[in-house]
Amino acid sequence: RAARGYAMHPACEPTQALVKYFNDVLSGGSSGSSVKDWRCVMNKRIGATYKERRPALVWLDDKFEQVCTTASFFDGRELHLPIYAHAAKGDIAALDGLCAAVRERAAAGEPLVVKPRHGSNSKHVFLWPRPQDVGEDVIVDSVSKAADSYDKSWDKESWNQNAVPKGVVLQPMYAPLSNFLDDTDDCVQADPQAFSRGVCPKFMRPMELKVQTLFGEVIGAQLNTHPQYLWVCREGAVHIWDQTAEGFLTRHSREPEQMPHGLVELLRGTLREHWLAIRADSERLARAVGLDELRVDWLLCDPKWGPRVGELTYFGTFAIDLIPLSVKLARAFAHAHLSRLGTPVLNAA
């Protein structure tokens, strides 16, 4: 329904190979190798668009450009956390300015994040919750590490993510989950050197809600830290999965996922207050750009900053651990594209 008449960005138009593949997605069975899920669709799309590599939407994966470009669609209102400073790799003057900003804010004891402008999967993200405990020099050293960072997992990412210029950004650190939960101390203290290595302990991350849009409409959301435990519906209700139920299939066999005491209620309380605005802003951005899909990762619960966009992802993963849900998402996306094009849907399963 949402796709019919949708004003889509030219860079999102599917190739003929993708149109054919969308029919394959819809004709797949309920099990076996013929089943195509969201990861299959994104991988196919990345491959099909690699030859042209249209640069118009690379900004969606650029940790610097997405901040100011997103604000331009909201009359200057900043949805992301502010960027205190940024520098491209090799720009000595900008790097010196960023290091000066680090020293100034670290001296004031402000919690900080130093992270790559490029990259993904929370790799080489340096969290400094208490700068006074480590000293300014250690934090400054993380600037060059982030600017030069590389992770082998990035070789498997989409071409558009790897097209982002290398660089580093400095932002305030959003309040971590450990601030709000009573049973996470062991997880936080298990590796006190993790921060200087650019590793993010699970409960030192913010509450991050990954919100997925298709053709300008939010279809649901998942928690970054516990993707197989719950699902946030379009209306904002929280559905807890029965992980022991027949048909609850995950990509990797694992024990039922456990949640820290109080996390679900914390999420529900936040959604009661902010979900409608989160959904509206996510949809407004997707429609303003004309995107057929966009994942908007929202940071929640910080009393100073309120809900903020952590990052945007185009051609991104979503719900890939929950196979039935991932399959439904892929089929909805394929059907929407074919409906928009007026292409007959053949042999839909």
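The values are calculated or read from the model by the stated rules, or taken from the named source; none is laboratory data. The model shown is predicted, which means the values in this text are computed figures rather than measured ones. Using ideal geometry, Cβ is built from the backbone for each residue, glycine included, and neighbour counts are taken over all protein chains shown. SASA here: full protein model, heavy atoms, side chains in, ligands and nucleic acids out. Shrake-Rupley method; radii C 1.70, N 1.55, O 1.52, S 1.80 Å.
Helix 16-27 sits at what angle to the longest principal axis of the chain, using alpha carbons and giving 0 to 90 degrees rounded to 10? Helix 16-27 sits roughly 70 degrees off the main axis of the chain. Helix 136-147 and the long axis of the chain differ in direction by around 30°, with both axes built from C-alpha atoms. Here is the list for segment 1-68: trypsin sites (Lys or Arg not before Pro) lying in DSSP coil, each with at most 15 other C-beta atoms within 10 angstrom of its C-beta, are Arg1, Arg4, Lys51, Arg53. With 31 Å as the limit on Cα-Cα distance, the pairs of Lys20/Lys202; Lys145/Lys328; Lys304/Lys328; Lys115/Lys304; Lys145/Lys304 that go past it are Lys20/Lys202; Lys145/Lys328; Lys304/Lys328. Shown is the FRET efficiency for Ala245 and Lys20, computed with R0 = 35 Å from the Cβ-Cβ distance and rounded to the nearest 0.05: 0.50. Surface exposure of the chain, expressed per residue as accessible area with a 1.4 Å probe, stands at 46 Å².
Note the listed values (i) 144; (ii) 205; (iii) 222, then indicate which one is volume of the Cα convex hull per residue in Å³ calculated from this particular structure. Checked against the structure: label (i).
Axis angle, to the nearest 10 degrees, between helix 38-50 and the longest C-alpha principal axis of the chain: 80 degrees. Spherically averaged projected area of the convex hull of Cα atoms, segment 1-114: 12.1 nm². Counting Lys and Arg as +1 and Asp and Glu as -1, what is the net charge of the other residues whose Cβ lies under 12 Å from the Cβ of Glu65? Surrounding charge for Glu65 is -1.
Counting only Cβ charges, +1 for Lys and Arg and -1 for Asp and Glu, the dipole size of the chain around its Cα centre is about 1320 debye.
Extension gain for the segment Ala163 to Asp151, taken as residue separation times 0.36 nm less the Cα-Cα distance, is 2.8 nm to one decimal. Solvent-accessible area assigned to carbon and sulfur over the chain amounts to 51 percent, based on a 1.4 Å probe. Between Lys202, Lys123, Lys156, the GNM of the chain built on Cα springs shorter than 10 angstrom shows Lys156 fluctuating the most.
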